[in-house]
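A short worksheet on the structure shown next.
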Amino acid sequence: MALDEPAPCRLYLITPAVLEPVAFAELLAAALDAGDVACVQLRLKDVDDAAIRRACDVLMPVAQSRDVAFILNDRPDLALAAGCDGVHVGQQDTPYKEARRLLGPDRIIGVTCHDDRDLAMEAAEAGADYVAFGAFFPSGTKETQHRPDPEILRWWSEVMTVPVVAIGGITAENCAPLVAAGTDFLAVSGAVWGHAQGPGAAVRAFLAAIAGARGAL
């Protein structure tokens, strides 16, 4: 499975850092059934390997049965063992080359590049399936030290063919400049799972905002 791009900009959902898999499966299904979503990243923190494996076992079928890629944050070894579609690695995580060695040529590997064009070029040239820039806005999900300008997305989309993901504090209300700048994916978390009307309503709001931003170009 690959992160195909039939639409100009698609949603990339990141799970909360803490969740109970069975209960969360219902929320995930509601989000995915609300409209086009490209990918789900399982991002659990401060849990043991067994908890990650259990979450993969419960949540991965929810995504994959809907033809949505399911990737794991940080851990290519567990991604391989659990049968995930790929992994996302940060600059302090497993290096890209080691992740690729573990996962082979066919699984998705994305790389966090913060606001660094050189890091992104290096990742793309090494074979990364996507690069991620951010945080574009203040985020309640994780502490961030980097704040790129949306212009980095415009530059990337003009010079590179490797897909780019925008991340960090993105909401339906503030995403328009990122869509206009050419991001391939919007990585979103809190704005979906914390939405007052539920994750399905959040996904629909994002898709409407994306369509509106594209229509304004």
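Taken together, the values in this text are just the output of simple stated rules run on the coordinates, not laboratory data. Values in this document were obtained by computation on a predicted structure and should not be read as measured data. Cβ placement follows ideal geometry from the backbone for every residue including glycine, while neighbour counts extend to all protein chains displayed.
Could you rank the peptides 101-107, 12-18, 83-89, 188-194 by their average count of other C-beta atoms within 10 Å per residue, with the highest value first?
Ranking, from highest mean packing down: 83-89, 188-194, 12-18, 101-107.
Excluding GLN41 itself, calculate the net charge of residues whose Cβ lies under 11 Å from the Cβ of GLN41, where each Lys or Arg counts +1 and each Asp or Glu counts -1.
Residues close to GLN41 contribute a combined charge of -1.
Run the helix sum for the chain: -39,500 (n - 2.57) per DSSP H stretch of 4+ residues, divided by residue count, reported at 222 nm to the nearest 500 deg cm²/dmol.
Roughly -12000 deg cm²/dmol at 222 nm, from the helical runs in the chain.
Does segment 10-215 classify as rounded, prolate or oblate by the C-alpha gyration tensor (a ≥ b ≥ c root eigenvalues; a/c under 1.5 gives rounded; else a/b over b/c gives prolate, otherwise oblate)?
Here segment 10-215 falls in the oblate category.
Tell me, what is the percent relative contact order of the chain, built from C-alpha pairs under 8 Å that lie six or more residues apart?
21
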